[in-house]
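Peer 1: Dropping a structure here in structure tokens format, bear with me for questions.
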Amino acid sequence: MDTGTLVDRVYQALREQILQGKYEPGQKLNLALLAQELQVSNTPIREAMARLERLGLVETVPYAGPKIKRLNVGQLQDIYDVRIALEELAVRLVAKSEDPDAFNGMAAALEMQERACNGDDPRAVADADRAFHDALVQASGNSVLLEMLPNLSARTRLLLELNSPLSKGMDREAALRGLQGHRRIFEALREGDADTAAQELRHELTRGKDRLVVQMTRREVA
């Protein structure tokens with residue numbers, strides 16, 4: 001098997017295990033045991049662990065090894081605040097774009113999101129939401145944003161999944177609210193109205209941040 005494909009498989013397996021709550025925040029990870037469970041050598045485990053660390057799910061403690069990262073509410077707010085600021089910059093760059101194809105990716109993502117909202121698959125809704133924001137950043141054409149924002153977007157989605165597991169089912173009202181918000185952002189951008197688009201974007205992401213803060217606070221108190 002190709003090494004890259006094997007690392008991808010191990011990474012996805014470990015990521016899903018973390019999201020499903022198999023490990024507690026702060027729990028140490030035994031690399032040899034993980035390799036045995038997944039029937040691979042230690043090398044793909046280490047490479048997958050490095051990817052999980054970059055994503056913010058794992059941290060490596062000197063002389064102690066990797067463990068599940070414990071994020072507090074303050075760190076969550078910091079992540080969201082940076083993401084909001086950077087995506088607002090992306091919005092303003094897109095609003096000034098003269099590229100006729102700049103909106104194609106967002107239009108396709110909206111169609112994907114509408115189909116997902118009409119179904120009963122919460123993961124499809126989450127994927128479509130991510131696709132819209134990725135397309136927005138792509139349309140900005142800014143290479144630094146393209147490098148920074150996908151990681152922040154992935155980290156916020158993982159936080160959402162950790163605190164609102166997709167296995168609990170689909171929140172149709174929230175899904176439709178997200179779709180409507182994205183439509184408003186899209187229409188404002190097509191009209192070159194950066195202020196309205198930025199306001200809608202900030203409203204959407206702030207609502208997500210506030211919901212997570214409440215959920216994480218409850219978990220910390222419990």
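Peer 1: Show me the ranking of peptides 99-105, 149-155 by mean Cβ neighbours inside 10 Å, starting with the highest.
Peer 2: Working: 99-105: 13.4, 149-155: 17.9.
Per-residue mean Cβ counts within 10 Å order the peptides as 149-155, 99-105.
Peer 1: Another question, if that's okay. Could you state the principal axis extents of the C-alpha atoms in the chain, from the largest down, to the nearest angstrom?
Peer 2: Principal-axis extents of the chain (Cα, largest first): 56, 43, 35 Å.
Peer 1: Follow-up. Using a 10 Å Cβ count of at most 11 others and DSSP loop calls, identify the longest part of the chain lacking such GluC sites (Glu not before Pro).
Peer 2: Result for the longest clean stretch: 1-97.
Peer 1: How large is the charge dipole for region 71-172, taken about the Cα centre, if only the Cβ atoms of Lys, Arg (+1) and Asp, Glu (-1) carry charge, to the nearest 20 debye? Walk me through the numbers before you get to the answer.
Peer 2: On the way: 10 positive and 17 negative charges, 52 e Å.
The calculation lands at about 260 debye.
Peer 1: Further question on the same structure: About its Cα centre, what dipole magnitude does the chain give when the only charges are +1 on Lys and Arg Cβ and -1 on Asp and Glu Cβ, stated in debye to the nearest 20?
Peer 2: 920 debye
Peer 1: Still on this model: Would you please report the Å³ per residue occupied by the convex hull of the alpha carbon atoms in region 117-166?
Peer 2: Expressed per residue, the convex hull around the Cα atoms of region 117-166 is 56 Å³.
Peer 1: What does the convex hull of the Cα atoms of region 1-103 come to per residue, in Å³, rounded to a whole number?
Peer 2: That works out to 153 Å³ per residue.
Peer 1: Hey, what number do you get for the chain at 222 nm if only DSSP H runs of n ≥ 4 count, each worth -39500 (n - 2.57), divided across all residues, to the nearest 500?
Peer 2: -25000 deg cm²/dmol
Since every read-out is calculated from the coordinates, none of them should be taken as a lab result. Since the model is a prediction, treat every value here as computed from it, not as a measurement. Methodologically, a virtual Cβ is constructed for each residue, glycine included, from the backbone with ideal geometry; neighbour enumeration extends over all protein chains shown.
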